[in-house]
Amino acid sequence: MNRTVHFASDNYAAVHPEVMAAMAAANEGHDVAYGADAATAAFDAAIASTFGEQALGFPVFNGTGANIVSLMALSPRWGGIVASEHAHINVDENGAPERVGGLKILQLPSVDGRLHPDQLARYAGDLGDEHRAQPVVLSVTQSTELGTVYSLEAMADLTYAAHELGMRVHMDGARIANAAAALGVSLREATAGADVLSFGGTKNGAMLGEAVVVLAEDLRSSLAHDLPYLRKATMQLGSKMRYVSAQLSALLTSTDLAGDPLWLRNARHANAMAARLREALAPLAQAGVLRFTQPTESNAVFVELPRTAADAVRAAFRFYDWQAGATPGTVEARWMCAWDTTAEDVDGFARAITEALETAR
Ligand SMILES: Cc1ncc(COP(=O)(O)O)c(C=O)c1O
């Protein structure tokens, strides 16, 4: 079979062989359904060793599900969820927080996907006003939808400010591995004060599977009780859970000879490929024929280029337009690298972009 390569999303990537091997190892005989199985017990241990003994993990099927279960767990019926205008929960979940969770998203503007503590004041005044959705949860995305990464200090300041206002903090960690790899910190450090994490596996080499991870010690006992019901009621309880658990455990615990876990190796590689792509395109940006619209801090490169050139490149490589470009006749494209993107893939893609831009001139 010919190997195809695209730059559309990290969820276009194949499944990492170590994840496949972990699923194959779990694929032996019968085991108890709905999570009382050996692979899920190993996953529970991996969550405790990664995020601390106080943490609790609940495997789910997808990132949208992880977000909805997390937000519903943190919010009463009258809750509002403060988030960036670019947040996946705001723009890419078909209103699931509102439709499924009954939760209103309270948007804040953001130029680079990140939020700043002083922005919380926009909704803090609504606390205690029965006419307003109560801003009880702040949801942050790490790394952000625009490929940027909060520094540990910036994230800690933000979560501190939210807690000071009495808000809980949810982290959409669909790409927390990329953020932790970029920051050179552990997954636990990367959570920097969040109470509940949507832990991403799919974009990091899994077949499918994410987890809701309760991080805050003071929530452990109430959410240990509530979350199983919530996960089932939101259709995120897998009967053959062992196969999701095995994948997530492989990402967390499968190490190479240097002792590096799979999540780190995969994320570090995807980030390095994005950096390589940016470097290859830098001369074009200097020549003014394309424009980087965001810093490249994780595994995404955002650029503005002429629509004709973008469409010519698309004949061979799939990718998404993020939005119309700021200049007429241009588009802003998002180019994403994955654990299995190779240096040759990147170089071939950069050549195709260069040729298309020369033709477009
Ligand atoms: C930031 C972020 N959060 C969550 C998700 C969850 O996605 P899905 O429900 O497709 O697994 C995605 C997927 O693109 C994402 O980019």
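The values are calculated or read from the model by the stated rules, or taken from the named source; none is laboratory data. Just so it is clear, the structure is predicted and the values come from calculations on it, not from any experiment. Virtual Cβ from ideal backbone geometry, glycine too; neighbours counted across all protein chains shown. Just so you know, the surface numbers come from the protein's heavy atoms only, side chains and all, with ligands and any DNA or RNA stripped out. Shrake-Rupley method; radii C 1.70, N 1.55, O 1.52, S 1.80 Å.
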TODO: Give the range 139-168 a look and list any residue that's free of Cβ contacts under 8 Å to residues at least 40 places away in the same chain and within 24 Å of Leu127 (Cα to Cα), or say none.
DONE: Met155, Ala156, Thr159, His163, Glu164, Gly166
TODO: Say whether the condition of being in the same structural domain as Met171 (by TED's automatic domain parsing), more than 16 Å from the ligand (Cβ to nearest atom) and open to solvent by 40 Å² or more (accessible area, probe 1.4 Å) is met by at least one residue in the range 131-143.
DONE: yes
Task: Condition check for Asn94: within 21 Å of the chain's Cα centre (by Cα), surrounded by fewer than 24 Cβ atoms within 10 Å (Cβ to Cβ) and within 15 Å of the ligand (Cβ to nearest atom) - done: yes
Open item on the list: of a type outside the set (A, V, I, L, M, F, W, C) and more than 22 Å from Asn204 (Cα to Cα): is that true of Arg114 in this structure?
Closed with: no
Open item on the list: Residues that are farther than 20 Å from Leu208 by Cα and in contact (Cβ under 8 Å) with a residue 60 or more places away in the chain, at least 2 per element: which helices (runs of 4 or more DSSP H) completely within the range 48-100 meet that?
Closed with: 63-74
TODO: Confirm whether Ala206 is open to solvent by less than 50 Å² (accessible area, probe 1.4 Å) and either over 16 Å from Ser143 (Cα atoms) or without any contact (Cβ under 8 Å) to a residue 40 or more places away in the chain (or both).
DONE: yes
TODO: Those residues that are of a type in the set (Phe, Trp, Tyr) and open to solvent by less than 60 Å² (accessible area, probe 1.4 Å), I need them from the range 7-41; list them, please.
DONE: Phe7
Open item on the list: Given the criteria open to solvent by 30 Å² or more (accessible area, probe 1.4 Å), of a type outside the set (D, E, K, R) and part of a loop (DSSP other than H, G, I, E, B), does Gly113 qualify?
Closed with: no
TODO: For the range 217-233, state whether one or more residues are modelled with pLDDT of 95 or more, aromatic (Phe, Trp, Tyr) and away from the ligand (no atom under 16 Å from the Cβ).
DONE: yes
Open item on the list: I'd like the residue in the range 47-65 that is of a type in the set (Val, Ile, Thr) and away from the ligand (no atom under 16 Å from the Cβ) and, out of all such residues, is most open to solvent (accessible area, probe 1.4 Å).
Closed with: Thr50
TODO: Could you list all residues from the range 236-270 that are more than 19 Å from Gly63 (Cβ to Cβ) and either in contact with a Pro (Cβ under 8 Å, 6 or more places away or on another chain) or in a helix (DSSP H, G or I) (or both)?
DONE: Arg242, Thr253, Ser254, Thr255, Leu264, Arg265, Arg268, His269
TODO: Return yes or no: is Asp44 within 16 Å of the ligand (Cβ to nearest atom), open to solvent by 60 Å² or more (accessible area, probe 1.4 Å) and not polar (S, T, N, Q)?
DONE: no
- [ ] Please tell me if Leu127 is among the aliphatic types (A, V, I, L, M) and open to solvent by 30 Å² or more (accessible area, probe 1.4 Å).
- [x] yes
Open item on the list: Taking the criterion of being without any contact (Cβ under 8 Å) to a residue 24 or more places away in the chain and at positive phi, would at least one residue in the range 234-246 satisfy it?
Closed with: no
TODO: Select, from Ala352, Ala356, Ala338, Ala280, the only residue that is assigned to a helix (DSSP H, G or I) and under 26 Å from the mean Cα position of the chain (by Cα).
DONE: Ala280
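Of all the residues that make up the range 211-229, how many are in contact with a helix residue (DSSP H, G or I) (Cβ under 7 Å, 6 or more places away or on another chain) and either open to solvent by less than 10 Å² (accessible area, probe 1.4 Å) or among the polar types (S, T, N, Q) (or both)?
6
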TODO: Return yes when Val213 is assigned to a loop (DSSP other than H, G, I, E, B), away from the ligand (no atom under 12 Å from the Cβ) and modelled with pLDDT of 95 or more and no when it is not.
DONE: no
Task: Of all residues making up the range 276-299, the number that are among the aliphatic types (A, V, I, L, M) and open to solvent by 50 Å² or more (accessible area, probe 1.4 Å) - done: 1
Task: Residue in the range 146-175 that is nearest to Lys104 (Cα to Cα), counting only those that are charged (D, E, K, R) and crowded, with 23+ Cβ neighbours inside 10 Å - done: Arg168
